[in-house]
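Q: Right, I'll just put the structure down here and ask away after.
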Amino acid sequence: MRWQSRGLALRRLSAWMALPALAAGLAFVLYGCGGDAPPPQTPSTGGRTGPPAASKPAATEAFLKEQGLAGRVALIQFGLVGCELSEAGLKEMAGLNRAGKIQGLAYVRVEENPDRKAADDYFAAQAAGLPVHHDPESALAKAFDSTAWPTYVLVDKFGHVRYRGSWPGAEKVAEWAILLREEGADRGPGAPMFGVAAVDVPRLLSETKLPDLKGDTKPLREHIGKGGLMAVFVDTKCPFSGQAIGEIKTVAATLAKHNVSALLINIGERKKAVEECYAQRDVGVPVLYDVSTATQKAWKVDVVPTAVLFNSGGAVAYRGKAVWKDVGAAAEKALGLPAGTLKFGVAGTGFG
């Protein structure tokens, strides 16, 4: 789940609840944090099943060709009718498009609402003037790794994603679009991304001092075990965080055999909500929490769950989705273990 504040997370949750068609997919959200919740049924598709999604390159290339975006710089909004942030962003994009303020930039909305009629009625009433691609099974959202609402994706002339995240502001979009328009050569799939800021890890490991559920507080650096530390940033409302929380005890037990400690860092929620959540389940690891957004901002966490693996010296060996096989592969390298040594028995989640 992508978020920037507790308020944003709550607004997004209310938008989900406004969609009856997604009721099945909301079962995990509404379950709350009491006990061990069942794993979600492909949350971004509302629990539905469908044909296998095409591979990422094939799906994204087909979409860009279909929309006439091949060879063009494009701004794509993955949004949802009923989500106030999606709707506000759509209005801003539509305004930029009508004014023609950013030369050479194409705009597209990818709509995730499975109710096609409701979506069509909304866009007809808005007269946004942007092409709309319906993606009810979230196949395209998965291909672009944009399964939170809203997510903005800026694509260069060669079909590579150069920005993915929340609305960066019209000035940034204009600046980046000009740079991409003037690029003469294809920089490949590894082209540098805009909006990626560096994190001063050594400083933050010493300065991040958060209480645990017992009230004990110490620098994050002191939680690092002899083999390293895995920290997972979560909140109590995101269904994907819920899956990571439910599985971390199993993952931590395997890592502990190699002296890698593990913990959860709950961010941006009231102390009472945190205490009530974790009092009802045995997560098997320490839970640190920050009731403000200071830790979230300092570590530049805009998606939960986010897993960060530190080696024994405090350097980051992995940062990304809570996909345990990926965390395990990074841990094996950091520990000098043969590939395939770490087997967790749980999958984690590629969503968030």
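The values are calculated or read from the model by the stated rules, or taken from the named source; none is laboratory data. This structure is a prediction, so every number in the text was calculated from the model and none was measured. Note that we place each Cβ from the backbone using ideal geometry, even for glycine, and neighbour counts take in every protein chain shown.
Q: Select from region 334-352 the residues that are over 25 Å from the mean Cα position of the chain (by Cα), surrounded by fewer than 17 Cβ atoms within 10 Å (Cβ to Cβ) and on the phi < 0 side of the Ramachandran plot and list them in ascending order.
A: Those that are over 25 Å from the mean Cα position of the chain (by Cα), surrounded by fewer than 17 Cβ atoms within 10 Å (Cβ to Cβ) and on the phi < 0 side of the Ramachandran plot: 337, 338, 339, 341.
Q: Every residue in region 204-222 that is part of a helix (DSSP H, G or I), of a type outside the set (Asp, Glu) and closer than 14 Å to residue 297 by Cβ, please.
A: Correct list: 204 only.
Q: Looking only at residues in region 262-277 that are among the hydrophobic types (A, V, I, L, M, F, W, C) and part of a helix (DSSP H, G or I), which one is nearest to residue 344 (Cα to Cα)?
A: Among those residues, the one meeting the criterion is 277.
Q: Tell me which residues, restricted to region 303-328, are surrounded by fewer than 17 Cβ atoms within 10 Å (Cβ to Cβ) and of a type outside the set (Val, Ile, Thr).
A: Result: 312, 313, 314, 315, 320, 325, 326.
Q: Can you tell which of 240, 194, 158 is in contact with a Ser or Thr (Cβ under 9 Å, 6 or more places away or on another chain), at pLDDT below 95, within 30 Å of residue 91 (Cα to Cα) and not charged (D, E, K, R)?
A: 240 is the lone residue from the list that is in contact with a Ser or Thr (Cβ under 9 Å, 6 or more places away or on another chain), at pLDDT below 95, within 30 Å of residue 91 (Cα to Cα) and not charged (D, E, K, R).
Q: Assess whether residue 260 counts as being more than 23 Å from the chain's Cα centre (by Cα) and closer than 27 Å to residue 332 by Cβ.
A: yes
Q: Could you check residue 217 against (1) in the same structural domain as residue 331 (by TED's automatic domain parsing); (2) of a type in the set (S, T, N, Q); (3) at pLDDT below 90 and say which number it fails?
A: It fails just one condition, (3).
Q: Kindly indicate the residue of region 62-78 that is in a strand (DSSP E or B) and not aliphatic (A, V, I, L, M) and also surrounded by the most Cβ atoms within 10 Å (Cβ to Cβ) among those meeting that condition.
A: 78
Q: Could you tell me which residue of region 179-225 is nearest to the chain's Cα centre (by Cα), considering only residues that are touching a residue at least 60 places away in the same chain (Cβ under 8 Å) and farther than 30 Å from residue 279 by Cα?
A: The extreme case among them is 197.
Q: Regarding residue 157, is this residue farther than 22 Å from residue 300 by Cβ and either of a type outside the set (A, V, I, L, M) or surrounded by fewer than 17 Cβ atoms within 10 Å (Cβ to Cβ) (or both)?
A: It is true that residue 157 is farther than 22 Å from residue 300 by Cβ and either of a type outside the set (A, V, I, L, M) or surrounded by fewer than 17 Cβ atoms within 10 Å (Cβ to Cβ) (or both).
Table: residues versus (1) part of a helix (DSSP H, G or I); (2) aromatic (Phe, Trp, Tyr); (3) assigned by TED's automatic domain parsing to the domain that holds residue 121; (4) out of contact with any His (no Cβ under 9 Å at 6 or more places or on another chain).
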| position | (1), (2), (3), (4) |
| --- | --- |
| 133 | no, no, yes, yes |
| 142 | yes, no, yes, yes |
| 147 | no, no, yes, yes |
| 158 | no, yes, yes, yes |
| 168 | no, no, yes, yes |
| 172 | yes, no, yes, yes |
| 176 | yes, yes, yes, yes |
| 187 | no, no, no, no |
| 191 | no, no, no, no |
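Q: Select, from 147, 151, the only residue that is at negative phi and out of contact with any strand residue (DSSP E or B) (no Cβ under 7 Å at 6 or more places or on another chain).
A: Of the residues listed, the single one that is at negative phi and out of contact with any strand residue (DSSP E or B) (no Cβ under 7 Å at 6 or more places or on another chain) is 147.
Q: Okay, next question. Among the residues of region 198-217, write down those that are under 13 Å from residue 265 (Cα atoms) and among the basic types (Lys, Arg).
A: 209
Yes/no per residue for (1) over 20 Å from residue 206 (Cα atoms); (2) of a type in the set (A, V, I, L, M); (3) in contact with a Phe, Trp or Tyr (Cβ under 7 Å, 6 or more places away or on another chain):
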residue	(1), (2), (3)
226	no, no, no
231	no, yes, no
241	yes, no, no
245	yes, yes, no
251	yes, yes, yes
294	no, yes, no
305	yes, no, yes
312	no, no, no
